[in-house]
Amino acid sequence: MEENPAIRRLSDWSETRLRGLADEYDTPLYVTDLDRVRENYARILDAFPDAEVLYAVKANAGRDVLSAVADAGAGAECASAGEVERAVAAGFDPEDVHYTAVNPPAEDLDYVVDLAEEEPALTITAGAADTVDRLAERGFDGRFCLRVHPGVGAGHHEDVATGADAKFGVPGDRAAAVVEQAQDYGMDVVGVHAHVGSGVSNDDLESHRRVVEYLAEVVSTLPVDLEFVDVGGGFGVPYHESEEPLDLDAVADNVRSALAGVDAQLVVEPGRYFVADAGVLLTEVNTVKADPAGETLIAGVDAGMTTLIRPALYDAYHPIANVAADAADRSVEPTSVVGPVCESADVLGENRDLPLVERGDLLAVGNAGAYGIEMANQYNSRPRPAAVALEAGDASLARRRETVADITDTEVWQA
Ligand code: LLP
């Protein structure tokens, strides 16, 4: 077998193993293969041997994943104080941690500025003059990186094309002024940053390149020698069985040529690419019925938009397989897989060709490792699922299944 295959498809998972895990840990269950996470990191390093690689923690902040990634040697890009806290607790050295402030709540700034006092190698990235003022008010004079708004976005859905969303970053023509502002406050301006969006595919190579070229132009206007240029993350993975994997070498070539005139360390910060195909979601069929038109079957399962929100939120496609032991002997029927939440959007997959579903069948939802459990929520008072980590063939519980008590524990009752 190829050592680090470019894609791990849902069909590459051992169905026997998945059934064993569902028996042991119950469903819905997230399974993360930490060996695959490491392979994915190795694939990123192969394409970007000259870059500092940060893992975008937001894709999956489970302690199991963070520890594996930290041990493998990557740094961490964190979107909140909570992510910084979890990353450092899981073993990331603060000098390898970048906190990216996006309209940050006061508590986040309090936390990271305090941490930066103890750990001055921590880097804080901000994309608004206001945030620079607020950092200075807290006495921050550490490592500062400016987030630039490149005006070009790309990604699998318009809602994740951050590069063209003015909520993020400072336009290039204001970058020098904000850098000077940070310097006047005594901050050490070490880098610039831009992120084109999430889920960049081979069709987006041009937009990605333009963002990096834009960054290079901005760098040339700045009154400072930079330590690094962070070109963000966003590297897409194939979700459809027919999709080709992203040509990461082509992305890397583009980045290198766009930054040819810039004398600074390259930083990349992918999240999805580390974890997406390292995770599956297991869910059990509890209801089988025909849709009113009688054209498709409806398979009701115990996971839904509270477990994996991507299909409901972005119309995202995740491959689904019926991994019941005798599924191969059954007829294939058009089937929609729907969850237990009282919302019409609670669909995991529409009109899929699946071996005839029966109550009790185990279904596996592929590419669930990124923005899966991380975006799980408790709507409908539905406890969030458990997660299991696989490592060198061994399974261990990474996150226990929540109970209703976990949901109500934070409520305050006035008797
Ligand atoms: N860096 C920054 C500044 C980001 O905003 C993001 C993602 C990343 C890195 C990592 O992007 P990635 O390599 O994972 O594509 N929930 C959505 C994705 C939102 C991503 C937001 N920012 C989804 O499920 O598709």
**OP:** For the chain, state what percent of all Cα-Cα pairs lands in each successive 20 Å bin, counting from 0 Å until the bin that includes the largest distance.
**Re:** 27, 53, 19, 1
Subject >> Beta bridges per DSSP with both ends in the chain, % antiparallel, nearest 5 >> reply: 40
Subject >> Extension gain from residue 289 to residue 412, taking 0.36 nm per residue of separation minus the Cα-Cα distance >> reply: 40.2 nm
Original post:
When the helices in the chain are scored as -39500 (n - 2.57) per DSSP H run of 4 or longer and the sum is shared across all residues, what 222 nm value do you end up with, to the nearest 500 deg cm²/dmol?
Top reply: -8500 deg cm²/dmol
Original post:
Say the dipole of the chain comes from +1 at the beta carbon of Lys and Arg and -1 at that of Asp and Glu; which of 293, 322, 307 then lies farthest toward its positive end?
Top reply: 293
Subject >> Cα convex hull of segment 175-301, projected area averaged across orientations, nm² >> reply: 12.2
Subject >> Cα-based convex hull, segment 34-275, per residue volume (Å³, whole number) >> reply: 107
Original post:
What residues have an amide H closer than 5 Å to that of residue 324, excluding those fewer than 5 places away on the same chain, when H is modeled at 1.01 Å from N in the peptide plane?
Top reply: 362
Original post:
Under the Kirkwood approximation applied to all pairs of distinct alpha-carbon atoms, what is the hydrodynamic radius of segment 277-403 in Å?
Top reply: 15.0
Original post:
Can you pull the Rg over Rh of segment 113-157, Cα-only, Kirkwood?
Top reply: 1.12
Original post:
Under a plain spin-label model, where a point goes 7 Å from the Cα along Cα-to-Cβ, how far apart in nm are residue 326 and residue 9?
Top reply: 2.6
**OP:** For every other residue with a beta carbon closer than 11 angstrom to the beta carbon of residue 246, add +1 if it is Lys or Arg and -1 if Asp or Glu, then tell me the sum.
**Re:** -4
Original post:
What's the exposure ranking of 336, 331, going from fewest to most Cβ atoms within 10 Å?
Top reply: 331, 336
**OP:** Using per-residue counts of other Cβ atoms within 10 Å, averaged over each peptide, order 153-160, 401-408 from highest down.
**Re:** 153-160, 401-408
Subject >> Sorted by Cβ density within 10 Å, fewest first, the residues 7, 309 >> reply: 7, 309
Original post:
Using the 10 angstrom Cβ neighbour count as an exposure proxy, how do 247, 230 rank, fewest first?
Top reply: 247, 230
**OP:** Using packing as a proxy for protection, rank 63-73, 178-188 so that the peptide with the highest average count of other Cβ atoms within 10 Å comes first.
**Re:** 63-73, 178-188
Original post:
Ordered by residue, what ³J(HN,Hα) values in Hz, to whole numbers, does segment 77-87 give under the Karplus form 6.51 cos²θ - 1.76 cosθ + 1.60, where θ = phi - 60° and Gly and Pro are x?
Top reply: 10, 10, 9, 7, 4, x, 5, 4, 4, 5, 5
Original post:
For the chain, modelled as a GNM with alpha-carbon contacts under 10 angstrom, which of 310, 174, 38 fluctuates the most?
Top reply: 174
Original post:
How far is helix 248-258 tilted, in degrees, relative to the longest principal axis of the Cα atoms in the chain, given as a value from 0 to 90 rounded to the nearest 10?
Top reply: 20
**OP:** Taking the Cα centre of the chain as origin, work out the dipole magnitude from +1 charges on Lys and Arg Cβ and -1 charges on Asp and Glu Cβ, in debye rounded to 20.
**Re:** 780
Original post:
Given H placed on each backbone N at 1.01 Å, which residues far from residue 288 in sequence or on other chains put an amide H within less than 5 Å of it?
Top reply: 300
**OP:** Determine the gain in length on full extension of the stretch residue 202-residue 45; use 0.36 nm per residue of separation and subtract their C-alpha separation, reporting nm with one decimal.
**Re:** 54.6 nm
Original post:
Considering the chain as a Gaussian network with a 10 Å cut-off on Cα pairs, which listed residue, 28, 311, 270, attains the greatest mean-square fluctuation?
Top reply: 311
Subject >> Rounded FRET efficiency, nearest 0.05, which uses the C-beta distance separating residue 95 from residue 137 and R0 of 22 Å >> reply: 0.35
Subject >> Square roots of five times the Cα gyration tensor eigenvalues for segment 367-415, Å >> reply: 28, 13, 7
Original post:
Evaluated at 10 °C with a viscosity of 1.306 mPa s, what Stokes-Einstein diffusion coefficient in µm²/s does segment 1-94 have when Rh comes from the Kirkwood expression over alpha-carbon pairs?
Top reply: 107
Subject >> Top of 33, 326, 141 by mean-square fluctuation, Gaussian network on the chain, Cα under 10 Å >> reply: 326
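Each value in this text was obtained by applying a stated rule to the coordinates, not by laboratory testing. Model, not experiment: these values are computed from the prediction. Backbone-built Cβ (ideal geometry, glycine too); neighbour counts: all protein chains shown.
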